[in-house]
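Reading through the structure tokens given below for one structure.
The values are calculated or read from the model by the stated rules, or taken from the named source; none is laboratory data. Note that the structure is predicted; figures quoted are calculated from it, not measured. Because the Cβ atoms are built from the backbone with ideal geometry, glycine has one as well, and the counts that use them run over all protein chains shown.
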Amino acid sequence: MGIVSFFSGLADPLLSLGYLLYLLGWDAGLHLSNYILPKKQPGAVIAKGVGGHGGKWGEFRPPGPDDARSPCPAINALANHGVLPRNGKGITWQANCWKELGEAVGATYNLSPTLCIQVPWLTAKFLFAGRDWEGKMTLDDLNAHGAIEHDASYTRADIKWQPNQGVPDVDIIRGLYETAGFDMDKLRPTDTFKLEHFSKYLAYRRAHSKVFNNQYIMNRNGKTFGCANSAIAFDVFGGNAADLKTWFIEERMPDGWEPRNLTRNGFTIARLNTLYVSPSTSRPHPVAPVRSTGGTSDPHYLSLNQSYVLMPILTGFSKSSEAFRAREI
């Protein structure tokens with residue numbers, strides 16, 4: 001029995017590793033061919049028959065009291081426009097991942113099929129390890145703390161202050177805009193985020209939570225998904241501050257919007273690995289400035305006077321925390 005358990009326990013990580021290597025090999029081919037194949041034409045980035053084709057997103061309906069929503073604006077916006085079930089429930093499992101979810105996100109945001117297989121697959125492994133379930137999920141399943149949902153988000157208050165992680169926090173989002181030097185209420189057409197802005201604000205949010213949230217958790221999943229979400233949002237929207245405001249706060253697609261990334265195979269895992277976003281503030285040095293410059297227990301308080309070198313974002317299985325640490329300039 002012990003031998004059977006040993007080999008059974010060994011099989012799953014080996015199969016997972018093999019599957020990941022297969023995905024990364026496929027992804028490398030997609031990434032390289034993006035440099036060769038002609039780009040998609042504006043107005044036709046989203047295929048015919050898919051919600052959002054030609055910038056036509058259909059009716060926007062905010063969630064009702066019985067509807068399920070996730071901590072992710074990208075997913076919630078699709079449910080609010082009816083691309084995913086409007087109630088956020090009954091999303092099916094197929095081919096070892098949430099195929100329906102992955103395909104909807106990939107088609108509307110021009111993400112590669114490899115990224116849209118990898119992320120739902122890893123998400124399912126995190127959320128349902130050791131649990132019995134019926135093969136369907138609701139969007140609020142993604143609110144399980146410490147799996148995909150994480151503290152120190154730039155669109156949500158920590159779960160200590162806001163148990164419902166399906167709700168964006170306008171004041172925290174405003175802090176991101178202030179970090180970039182933008183007036184969120186009077187945006188100019190030229191206001192465009194850089195990755196450095198996400199870097200600084202993520203570093204601040206994590207330092208603030210580390211000091212003032214006595215329930216703060218930042219595990220490797222949170223580090224990975226926090227950085228990846230920033231990189232993807234930046235690339236898909238081209239940093240456009242006005243479009244991102246609509247998406248972050250209303251969780252609505254801007255009128256006439258389509259992805260700014262025009263690559264034939266979409267945004268790949270390899271592309272994600274080339275972007276640089278702030279990692280977690282694991283080292284103690286960012287914490288002292290937050291304490292000493294007037295930081296309060298209010299999760300909306302913003303006090304930034306530090307700069308951070310951008311570090312590479314790694315995806316896939318959890319990496320050592322050293323790869324995600326910010327360095328003060």
- prompt: What residue, among those in the stretch 133-175 that are of a type in the set (K, R) and more than 19 Å from T92 (Cβ to Cβ), is surrounded by the fewest Cβ atoms within 10 Å (Cβ to Cβ)?
  reply: K160
message: Quick test of your reading of the structure: Y201 fulfils all but one of (1) buried (at least 21 other Cβ atoms within 10 Å of the Cβ); (2) under 22 Å from P63 (Cβ atoms). Name the failing condition by number.
response: (2)
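Kindly indicate whether L244 is surrounded by 22 or more Cβ atoms within 10 Å (Cβ to Cβ), out of contact with any Ser or Thr (no Cβ under 7 Å at 6 or more places or on another chain), modelled with pLDDT of 90 or more and farther than 23 Å from W121 by Cα.
Against the criterion (surrounded by 22 or more Cβ atoms within 10 Å (Cβ to Cβ), out of contact with any Ser or Thr (no Cβ under 7 Å at 6 or more places or on another chain), modelled with pLDDT of 90 or more and farther than 23 Å from W121 by Cα), L244 qualifies.
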message: Within the stretch 203-229, take every residue that is among the hydroxyl-bearing types (S, T, Y) and not in a loop (DSSP other than H, G, I, E, B) and give me the one that is farthest from I269 (Cα to Cα).
response: S209
- prompt: Among (1) among the aliphatic types (A, V, I, L, M); (2) surrounded by 17 or more Cβ atoms within 10 Å (Cβ to Cβ); (3) within 24 Å of D158 (Cβ to Cβ), where does L272 come up short?
  reply: (3)
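Table: residues versus (1) in contact with a Ser or Thr (Cβ under 6 Å, 6 or more places away or on another chain); (2) under 15 Å from K136 (Cβ atoms); (3) in a loop (DSSP other than H, G, I, E, B).
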{"position": "Q41", "(1), (2), (3)": "no, no, yes"}
{"position": "A44", "(1), (2), (3)": "no, no, yes"}
{"position": "D67", "(1), (2), (3)": "no, no, yes"}
{"position": "P71", "(1), (2), (3)": "no, no, yes"}
{"position": "A77", "(1), (2), (3)": "no, no, no"}
{"position": "P85", "(1), (2), (3)": "no, yes, yes"}
{"position": "K89", "(1), (2), (3)": "yes, yes, yes"}
{"position": "L101", "(1), (2), (3)": "no, yes, no"}
{"position": "T108", "(1), (2), (3)": "no, no, no"}
